[in-house]
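The values are calculated or read from the model by the stated rules, or taken from the named source; none is laboratory data. Note that this is a predicted model, so its numbers are computed, not measured. Because the Cβ atoms are built from the backbone with ideal geometry, glycine has one as well, and the counts that use them run over all protein chains shown.
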Amino acid sequence: MKIKTTDRYHADVDAVFQHFTDSEFIKARAEAIGGRDVDVTVENKGGTVVITVNREIRSDAPGALKKFVPEWSHSVQVETWKVNPGGPYLGKATVNVQGVPVSVRSRMKLAAGKNGGSVMMIETETRSSVPLAGGKLASFAAGAAENTLKAEYAFSKKQIDG
């Protein structure tokens with residue numbers, strides 16, 4: 001399943017990118033939306049920034065999926081961003097949730113807005129290889145990803161734009 005989101009900020013693209021690559025900001029955002037035991041690593045590798053977020057996330061899976069999805073799971077999110085001052089910044093991300101047979105991959109673009117500010121576009125795809133229940137798992141993961149993206153945007157918007 002695919003999800004597309006577009007988030008808008010009043011702040012310029014470089015200021016937004018600075019927040020999105022700040023380990024304290026990322027940790028605070030992850031905790032604010034319900035993550036626990038959050039650990040963030042940010043590595044600058046000559047024109048590329050690699051962000052790794054380890055955390056536990058709550059699933060709230062419906063009854064039929066509870067055998068595939070535990071209540072709390074360890075999650076590892078890895079984002080890789082190409083640094084391009086003035087934008088656009090291009091990124092990709094993967095999220096692996098331990099013990100959950102679903103893959104989550106995203107492509108991201110942070111660019112200057114046409115009328116000022118900046119725009120973050122995210123395209124996320126969820127898949128599951130489980131026979132029969134795979135479609136339901138992918139759909140559940142897509143819904144969870146969409147809710148996470150909305151919550152992250154609400155946090156980020158408030159912190160960045162006030």
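Of everything in region 151-162, what is within 16 Å of the chain's Cα centre (by Cα) and buried (at least 16 other Cβ atoms within 10 Å of the Cβ)? Give them in sequence order.
Residues satisfying the conditions are E152, Y153, F155, S156.
Among (1) on the phi < 0 side of the Ramachandran plot; (2) touching a Phe, Trp or Tyr at 6+ places or on another chain (Cβ under 8 Å); (3) surrounded by 14 or more Cβ atoms within 10 Å (Cβ to Cβ), which single condition is A142 missing?
Result: A142 fails condition (2) only.
Run down T148, T126 and say which single residue is of a type in the set (S, T, N, Q), in a helix (DSSP H, G or I) and buried (at least 16 other Cβ atoms within 10 Å of the Cβ).
T148
From E79, E71, grab the single residue that is among the acidic types (D, E) and at pLDDT below 95.
E71
Condition check ((1) at pLDDT below 90; (2) touching a Leu at 6+ places or on another chain (Cβ under 8 Å); (3) more than 27 Å from E24 (Cβ to Cβ); (4) of a type in the set (V, I, T)) across all residues:
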residue	(1), (2), (3), (4)
M108	no, yes, no, no
A112	no, no, no, no
A133	yes, yes, yes, no
A144	yes, no, no, no
A151	no, no, no, no
A154	no, no, no, no
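Do we have any residue at all in region 124-133 that's among the aliphatic types (A, V, I, L, M) and under 20 Å from Q77 (Cα atoms)?
No, every residue in region 124-133 fails to be among the aliphatic types (A, V, I, L, M) and under 20 Å from Q77 (Cα atoms).
If P131 meets every condition in (1) in contact (Cβ under 8 Å) with a residue 12 or more places away in the chain; (2) on the phi < 0 side of the Ramachandran plot apart from one, which number is that one?
That leaves (1) as the condition not met.
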